[in-house]
């Protein structure tokens, strides 16, 4: 899991929604070279909770978008697309798209 800010995410100023440190279901990692440097993007998908977290350079954000998870890195539009591999052992394949370009996943 990414290091960095592990404080809870808050829906408002008083109530914790979820804690990022509790998720451990990392399913994909990418290094993305953009004009302002290289960014590490990590994607977690909780198999029990179904919650999805995108980490950009170690900072997490909860997202819930179904088969496409949309977010931004600076002024770059990004999304992670989930598609069935059609093979039981491989399961779901996650693809990162940045500014309409597919970014290869880092093998784990």
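The values are calculated or read from the model by the stated rules, or taken from the named source; none is laboratory data. Predicted model, so just to flag it, every value in this text is computed and none were measured. No Cβ is skipped: glycine too gets one built from the backbone with ideal geometry, and neighbour counts run over all protein chains shown.
Please determine, by comparing only the residues of the stretch 46-94 that are more than 12 Å from the chain's Cα centre (by Cα) and in a strand (DSSP E or B), which one is nearest to residue 29 (Cα to Cα).
If we take residues in the stretch 46-94 being more than 12 Å from the chain's Cα centre (by Cα) and in a strand (DSSP E or B), then 93 is nearest to residue 29 (Cα to Cα).
Looking at the stretch 53-71, which of its residues are in contact with a strand residue (DSSP E or B) (Cβ under 7 Å, 6 or more places away or on another chain) and free of Cβ contacts under 8 Å to residues at least 24 places away in the same chain?
Answer for the stretch 53-71, where residues must be in contact with a strand residue (DSSP E or B) (Cβ under 7 Å, 6 or more places away or on another chain) and free of Cβ contacts under 8 Å to residues at least 24 places away in the same chain: 56, 63, 64, 67, 68, 70, 71.
Would a scan of the stretch 30-38 turn up a residue that is in contact with a strand residue (DSSP E or B) (Cβ under 6 Å, 6 or more places away or on another chain), part of a strand (DSSP E or B), free of Cβ contacts under 8 Å to residues at least 60 places away in the same chain and exposed (fewer than 15 other Cβ atoms within 10 Å of the Cβ)?
yes
For (1) surrounded by 12 or more Cβ atoms within 10 Å (Cβ to Cβ); (2) touching a strand residue (DSSP E or B) at 6+ places or on another chain (Cβ under 8 Å); (3) farther than 21 Å from residue 47 by Cα, each residue gets a yes or a no:
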{"site": "73", "(1), (2), (3)": "yes, yes, yes"}
{"site": "83", "(1), (2), (3)": "no, yes, no"}
{"site": "89", "(1), (2), (3)": "no, no, no"}
{"site": "93", "(1), (2), (3)": "yes, yes, no"}
{"site": "98", "(1), (2), (3)": "yes, yes, yes"}
{"site": "103", "(1), (2), (3)": "yes, yes, yes"}
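What number of residues within the stretch 41-54 are on the phi < 0 side of the Ramachandran plot and either in contact with a helix residue (DSSP H, G or I) (Cβ under 8 Å, 6 or more places away or on another chain) or surrounded by fewer than 12 Cβ atoms within 10 Å (Cβ to Cβ) (or both)?
4
Residues of the stretch 95-108 being closer than 18 Å to residue 25 by Cβ and modelled with pLDDT of 85 or more, which ones?
95, 96
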